[in-house]
Amino acid sequence: GRNNLGVFTDAGLALQTNTISTPQRTELNCPQPASRKRRSVQLIEHKASKVANYHDQKLKKCCEDGMYENPMGHSCDKRAVYIQDTKECVAAFLDCCKYIKTIRDEKQRELILELARSEVDEGFLSDDDITSRSLFPESWLWQVEQLTEQPNNMGISTKTIPVFLKDSITTWEVLAVSLSENKGICVADPYEITVMKDFFIDLRLPYSVVRNEQVEIRAILYNYWDKNIKVRVELIHNPAFCSASTSKQRYRQIYDLPRLSSLAVPLIIVPLELGLHDVEVKAAVWGQFVADGVTKKLKVVPEGVRMTKTIKSVTLEPSVKGVDGVQLEQVTAANIEDIVPNTESETRVSVQGNPVTTIIEKSIDGANIKHLIVTPSGCGEQNMIGMTPTVIATHYLDSTS
């Protein structure tokens, strides 16, 4: 306690004697002592770095005086008039005073913007209360069920299967195929289940992106309400991407969405790490307990072009080229000086029984002749240019048998 009575007061006890008594409580909570306003650590660092620019101790003192906060609110020029010292001291005073004033004004603007954002955000649902949808399979529920119940008077046996739908906003088609000893195979008509929300997000991502290349993704907002709404959209920070959303500052935008309409919100990101990484976008409707969030995986691939090099090709003949029936071959490591940084190389060893086997496998393996089939693209003339070599080769093989 602060004093002898404070010991009893802080312990929640009341003391009453003929000479002293503890003060009577008027509130349920303990009184909070007035805390001293802490100075900004960043502001102190700015002051120290500015003073370090001056090597003369007298000029350092002039600089420090210029960075003191003036309670009267006078400008730096007005304060400098009252300095009765050298011109160098006045210049150092003005330099440091204007420098710290710029820093203070910037922090004041940030505080005002933060307070303004907090007032606007009061009408939206908190991001912590928004659960993002992340499961978007194309097909699921592949399972086998046994109908063990006795058929009713119509010869129909039923079974109830409780399942939870996935996160996709779509129409699911449930297909069922039955197999019995008496009636063989029966296929039921598809049963449609529609999953719908009055407000939701559709996050459009490419199949893959290249590391360190800027890419634009789109979050499509859908409003199926019969009224106009105001929506706050936020891109959740992920350290694997460089974006407008950082660990210290959230990226939020507010849009007006008319009734029965949609809006495409572009978001710019730059992938920094290879692999699969989450892209998460959340949105909330102002004045309503309505929100939606979507999390999808984005595949980030390395720069450059994948190349395959044959380092060495040998014929294994231990009886001729070996010693005591053992043929030893040394393969030098491949030169990977031009490999893309932070990527891995693969080493593969292929063994074939005889040369004829290789020719036969390549002739029937689709992976080796897939380059002969090209997906049409561009105009008709461009497609003809790409198809001409293949057509000429086909005619030549047909004519020469």
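In the set (1) within 42 Å of the chain's Cα centre (by Cα); (2) not assigned by TED's automatic domain parsing to the domain that holds residue 244, residue 205 fails one condition alone, (2). Within the stretch 281-317, the set of residues being in a strand (DSSP E or B) and either surrounded by fewer than 20 Cβ atoms within 10 Å (Cβ to Cβ) or touching a Leu at 6+ places or on another chain (Cβ under 7 Å) (or both) comprises 281, 283, 284, 291, 294, 295, 296, 297, 298, 299, 300, 301.
The values are calculated or read from the model by the stated rules, or taken from the named source; none is laboratory data. All of these numbers come straight from a predicted model, not from anything done at the bench. Counting neighbours? That spans all protein chains shown, and the Cβs are built from the backbone with ideal geometry, glycine included.
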